[in-house]
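**Q** Can you read through this structure? Questions will come right after.
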Amino acid sequence: MDDTLKSKLLFQWKSASAVMDEAETEAADTYCRGYIDFLNTAKTERETVREAVTMAESRGFVPWEHGKALAPGDKVYLNQRGKALILCAAGKRPLGEGISIAAAHVDSPRLDLKQRPLYEEAGAAFFDTHYYGMVKAYQWTGIPLALHGYVALKDGQGLNICIGEERGDPVLLIADLLPHLAKKQMERPGKELVAAEDLDVIAGLRFCPGEDGDGAVKLNILRILHAQYGITEGDLISAELSVVPAFPARDLGLDRSMVGGYGQDDKVCVYPSLTALFSLTEPPEYTACAVLVDKEETGSLGMTGMGSHFFENFIGDIAEAAGEKAPRVLHNSLCISADVNTAFYHLYAEMFDPYAEARLNHGVVLFRYWGKGGKDHTNDAQAETVAAVRKILDDAGILWQTGEGGRVDAEDSGTLSKFFANLDIPSIDLGVPILSMHSPFEAAAKTDIYMAHRAFTAFFKRT
Ligand SMILES: [Zn+2]
């Protein structure tokens with residue numbers, strides 16, 4: 001087969017290193033500096049929404065006013081209870097012709113503090129946790145942890161908490177058993193190496209001044225929290241406090257080809273969705289909409305998850321204001337469910353399809369379905385949707401690939417795609433491949449992250 005026939009007939013994986021010139025690779029590196037900063041300010045869903053709002057407002061986005069019809073060029077956002085966000089750049093076409101949606105999730109796996117988290121045992125104070133999303137418990141021991149979150153007070157005020165991120169801040173730890181005593185532990189199956197109930201965070205050792213005996217260490221921790229934030233043990237009950245890795249995101253690899261950091265699932269798609277939207281200097285043809293939602297890691301239930309009606313209601317509201325019918329807007333729209341995919345890893349090759357998995361540094365991943373047991377609970381995107389997105393990507397010269405997310409029946413996950421498809425919106429997953437997914441330190445290739453930005457930009461500019 002000669003080369004022309006090869007390039008005409010075959011769909012081949014291409015390494016970014018083979019197709020991107022030096023200038024474009026440098027553009028990817030520059031782009032990822034902003035992304036690393038974003039990761040370091042946005043570890044929880046509330047922080048991500050806050051940061052996205054700050055970025056949006058500095059680019060002229062304003063809160064959407066109920067009942068006000070959007071005019072081409074309008075830039076509005078709807079903050080859904082501080083934990084989800086819809087941002088819209090109004091396009092030239094009437095809403096009834098549909099909109100372009102890029103949807104990513106702002107929550108990441110972590111350890112939440114229980115409702116009454118603080119206890120004292122063996123001379124130390126601990127925070128008891130309940131994990132959020134799929135985690136391998138053993139990965140959370142022996143690493144520096146930070147405390148992030150929000151406390152809602154009875155008087156209606158709220159407090160943001162963040163301890164462990166500044167240079168001089170203390171950090172927290174979940175202790176593991178020393179190897180010398182771990183013979184029995186190491187014989188247990190991986191899932192039982194560290195029990196989820198044993199993910200307790202050590203908070204301190206010292207007595208509260210003037211106190212001694214039982215409870216003096218716990219009291220001292222409450223004294224410190226009170227001095228810093230004015231809160232009491234009762235206030236912890238109406239709080240959303242989480243423990244997340246304290247280390248910052250940074251360049252990864254001696255060639256600095258990757259970004260390493262916590263919470264890249266799915267901030268690695270959140271950030272490009274935002275930058276793509278912000279890059280629209282003129283009103284797009286179709287109204288461009290970035291939807292950032294919470295709760296994806298726990299099944300999308302709840303007011304701020306995609307299982308909630310808030311997105312549908314928002315579309316209903318903007319449609320009504322424009323004199324359109326919401327079902328028509330939804331039917332004619334196109335959605336990219338911007339979520340991560342699994343990158344092939346040779347040391348676990350037996351878990352992957354050897355011919356069809358996504359690879360790092362080979363572009364954004366277009367994928368139609370998840371689900372095991374015969375594609376259960378998935379949106380198996382239909383061929384026309386795939387073709388429409390393929391065309392957008394190819395016309396814009398985007399480096400892209402497909403993925404399988406593991407061998408048939410091996411994986412157990414899902415994305416936002418099905419929620420949009422259930423609203424009668426053609427929807428397909430397009431996102432960045434990730435290595436070490438759901439671990440405290442995930443890896444993504446800078447070129448893939450940059451390609452996500454370019455892909456979402458091309459999508460928002462579709463004609
Ligand atoms: Zn995930």
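**Q** Report, by chain and number, residues whose modeled amide H sits under 5 Å from the one on PHE207, excluding near sequence neighbours (fewer than 5 apart, same chain).
**A** Close amide H contacts, sequence-distant or interchain: none at all.
**Q** If you don't mind, there's one more thing I want to ask. Output wanted: per-residue J couplings in Hz (rounded whole) for the stretch 185-191, from phi through Karplus 6.51 cos²θ - 1.76 cosθ + 1.60, θ = phi - 60°, x for Gly and Pro.
**A** 4, 6, 8, 6, x, x, 5
**Q** Still on this model: Please report the relative contact order for the chain, taking Cα pairs under 8 Å with a sequence separation of at least 6, and give it as a percent rounded to a whole number. Walk me through the numbers before you get to the answer.
**A** Details: 993 pairs, mean separation 102.7, N = 463.
Normalised by residue count, the contact order of the chain is 22 percent.
**Q** Mind checking the log10 I(q)/I(0) for the stretch 301-420 at q = 0.13 Å⁻¹? Debye, one equal scatterer per Cα, no solvent, two decimals.
**A** Log-scaled intensity ratios, in q order: -0.65.
**Q** Hey, what D do you get for the chain in µm²/s if you plug the Kirkwood alpha-carbon radius into Stokes-Einstein at 25 °C and 0.890 mPa s? Display every interim value, and only then the final one.
**A** Working: Rh = 23.5 Å.
The estimated diffusion coefficient comes to 105 µm²/s.
**Q** Could you check the spin-label model distance between ASP21 and THR41? Points 7 Å from the Cα along Cα→Cβ, value in nm.
**A** Calculated label separation equals 3.3 nm.
**Q** Here is a further query. According to the Kirkwood expression over distinct Cα-Cα pairs, how big is the hydrodynamic radius of the stretch 185-257, in Å?
**A** Details: mean 1/r = 0.0614 Å⁻¹.
Result for the stretch 185-257, one decimal place: 16.3 Å.
**Q** Name the lysines eligible as straight-distance cross-link partners of LYS191: C-alpha to C-alpha under 19 Å, and not fewer than 8 places from it in the same chain.
**A** Correct list for LYS191: LYS136, LYS183.
**Q** On to the next question. Net charge around HIS130, counting only other residues with Cβ within less than 13 Å of its Cβ (Lys, Arg = +1; Asp, Glu = -1)?
**A** Details: positive: ARG110, LYS114, ARG116; negative: ASP112, ASP128, GLU197, ASP198, ASP200, GLU240.
Summing Lys/Arg as +1 and Asp/Glu as -1 gives -3.
**Q** Ok, one more. Under 5 Å between amide H atoms, partner at least 5 residues away or on a different chain: which partners does SER439 have, H built in plane at 1.01 Å?
**A** Distant-sequence amide H within range of SER439: zero hits.
**Q** Give a residue-ordered list of calculated ³J(HN,Hα) values for the stretch 158-174 (Karplus: 6.51 cos²θ - 1.76 cosθ + 1.60, θ = phi - 60°; whole Hz; x for Gly, Pro).
**A** Result, ordered by residue: x, 10, 8, 10, 8, 10, x, 9, 7, 3, x, 5, x, 10, 10, 8, 9 Hz.
**Q** What is the packing order of peptides 331-338, 198-205, taking the mean over residues of other C-beta atoms within 10 Å and listing the highest first?
**A** Details: 331-338: 25.1, 198-205: 17.0.
The packing order, highest mean first, is 331-338, 198-205.
**Q** Here's another thing I want to ask about it. So if we plug the beta-carbon distance of ASP376 and GLU211 into 1/(1 + (r/R0)^6) with R0 = 41 Å, what FRET efficiency do we get, rounded to 0.05? Don't skip to the end; give the middle numbers.
**A** Values: r = 55 Å, r/R0 = 1.35.
The pair ASP376/GLU211 has a calculated efficiency of 0.15.
**Q** Normalise the Cα radius of gyration of the stretch 1-119 by 2.2 N^0.38 Å (N = residues in it) and let me know the number.
**A** Values: Rg = 21.3 Å, N = 119, 2.2 N^0.38 = 13.5 Å.
The stretch 1-119 yields a ratio of 1.57.
**Q** May I ask for the angle, rounded to the nearest 10°, between helix 310-321 and the longest principal axis of the chain, with both axes built from Cα atoms and the value confined to 0 to 90°?
**A** Helix 310-321 sits at roughly 50 degrees to that axis.
**Q** Can you list the HN-Hα couplings for the stretch 220-237, worked out from phi with the Karplus curve (6.51, -1.76, 1.60; θ = phi - 60°), rounded to whole Hz and with x for Gly and Pro?
**A** 5, 5, 5, 4, 5, 5, 5, 5, 7, 10, x, 9, 10, 4, x, 5, 5, 5
**Q** What's the carbon and sulfur percent of the chain's accessible surface, probe 1.4 angstrom, rounded to a whole number?
**A** Numbers: 11490 of 21950 Å².
Carbon with sulfur: 52 percent of the solvent-accessible area.
**Q** Which angle between 0 and 90 degrees, to the nearest 10, do you get for helix 264-278 versus the longest principal axis of the chain when only C-alpha atoms count?
**A** It is inclined by approximately 50 degrees.
**Q** Dipole size in debye (nearest 20) for the chain around its Cα centre, Lys and Arg Cβ +1, Asp and Glu Cβ -1?
**A** Details: 45 positive and 66 negative charges, 120 e Å.
For the chain, the charge dipole is close to 580 debye.
**Q** Need the list of aspartates and glutamates near LYS418 for cross-linking: C-alpha distance under 17 angstrom, and skip anything on the same chain fewer than eight residues off.
**A** ASP266, ASP294, GLU296, GLU297, GLU312, ASP339, ASP376, ASP380, GLU384, GLU404, ASP429
**Q** In the chain, what percentage of the DSSP-assigned beta bridges are antiparallel, given to the nearest 5?
**A** 70 percent
**Q** Same structure again: Would you compute, from DSSP H runs of 4+ residues alone, the mean residue ellipticity of the chain at 222 nm, taking -39500 (n - 2.57) per run and dividing by the full residue count, rounded to the nearest 500? Let's see the in-between values first.
**A** Numbers: 14 runs with 137 residues, N = 463.
Here the helix-only value at 222 nm equals -8500 deg cm²/dmol.
**Q** Within the stretch 352-386, list the residues whose amide N lies under 17 Å from a label point set 7 Å along Cα→Cβ of ALA410.
**A** Counting backbone N atoms under 17 Å from the label point, the list is 352-360, 369-375.
**Q** How far is helix 383-395 tilted, in degrees, relative to the longest principal axis of the Cα atoms in the chain, given as a value from 0 to 90 rounded to the nearest 10?
**A** Roughly 80 degrees between the two axes.
**Q** Cross-link list LYS114/LYS446; LYS92/LYS391; LYS184/LYS372; LYS154/LYS295; LYS43/LYS68: which exceed 29 angstrom alpha carbon to alpha carbon?
**A** On the way: LYS114/LYS446 36 Å; LYS92/LYS391 21 Å; LYS184/LYS372 34 Å; LYS154/LYS295 25 Å; LYS43/LYS68 33 Å.
Listed pairs above 29 Å: LYS114/LYS446; LYS184/LYS372; LYS43/LYS68.
**Q** Have a look at GLY91, PRO179, VAL201 and report the one farthest towards the positive end of the charge dipole of the chain, computed about the Cα centre with Cβ charges (Lys/Arg +1, Asp/Glu -1).
**A** Value: GLY91.
**Q** Name the residues whose placed amide hydrogens come within less than 5 Å of the amide hydrogen of GLN80, ignoring near sequence neighbours (fewer than 5 apart) on the same chain.
**A** Those lying under 5 Å, H to H, from GLN80 are LEU85, ILE86.
The values are calculated or read from the model by the stated rules, or taken from the named source; none is laboratory data. Keep in mind it's a predicted model, so treat the numbers as computed, not measured. Neighbour counts run over all protein chains shown; Cβ positions are idealised from the backbone, glycine included. For the accessible areas, the whole protein counts, side chains as well, though only heavy atoms, and no ligand, DNA or RNA atoms are used. Shrake-Rupley method; radii C 1.70, N 1.55, O 1.52, S 1.80 Å.
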